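Here's the structure we're looking at; comments come further down.
The values are calculated or read from the model by the stated rules, or taken from the named source; none is laboratory data. The shown structure was predicted, so the numbers you read here are calculated from the model rather than taken from an experiment. With ideal geometry, Cβ positions are generated from the backbone for all residues, glycine too; neighbour counts draw on all protein chains shown.
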Amino acid sequence: MFKKLLAIDKKILIFAALFAGIVLSVVTVKTLAYTDSPNFCQSCHIMDSAYGSFTDSTHSTLSCNDCHLPHDNVAKKLVFKGKAGMGHMYFNTLGTEKIPNVLHATEKTERVVEQNCITCHESTLTNIEHDAKESCTTCHRTVPHGKNFKTKEFNKPPKSGELLEHKGGF
């Protein structure tokens, strides 16, 4: 078989290899873009309420991964996306009895979301004092998943003294 390949005109082999490379690149790019989209994320039934609240938010023009993945470099983004994707696949296929009723971000995801908030809203942060807060979501916890997404306890007003304990945030 290898001898047959060597017998083919080199120009045809180069053309076929380039064509295959272009097709593979386009498919890879399109697949990665689709897996960043809200439509892909909501394809798992556990994401229904997150997707519904997201589409009602001011951030609805973004993709899920604009907030939920790091953007330092492509390698870090792809590794983070792969780990999260494998976890989501596990829970949605093999571990369905362990799927929580309310989704909470992991500590790593919270740090990523925090950094992405700061990156996107940097100009706002220079105009408003935010140093007394623990994180963006301390005060802005219903952005972009607020309406019909959080538990009843999440939206209860703070108890007396709780704001002082948390430096003015919730």
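Worth pointing out:
- Single condition Thr96 does not satisfy, out of (1) of a type in the set (Val, Ile, Thr); (2) farther than 30 Å from Cys139 by Cβ; (3) modelled with pLDDT of 85 or more: (3)
- In segment 57-70 there is at least one residue that is surrounded by 10 or more Cβ atoms within 10 Å (Cβ to Cβ), farther than 19 Å from Val112 by Cβ and of a type outside the set (Asp, Glu).
- Whenever a residue of segment 69-81 is farther than 20 Å from Tyr34 by Cβ, its partners that are part of a loop (DSSP other than H, G, I, E, B), lying with C-beta atoms within less than 6 angstrom and at least six residues away or across chains, give the pairs Lys76/Pro70.
- Just one of the numbered conditions (1) at pLDDT below 85; (2) farther than 23 Å from Thr31 by Cα; (3) hydroxyl-bearing (Ser, Thr, Tyr) is not true of Thr119: (1).
- Residue within segment 35-47 that is more than 23 Å from Asn116 (Cα to Cα), loosely packed, with under 12 Cβ neighbours inside 10 Å and of a type outside the set (Gly, Ala, Ser) present: yes
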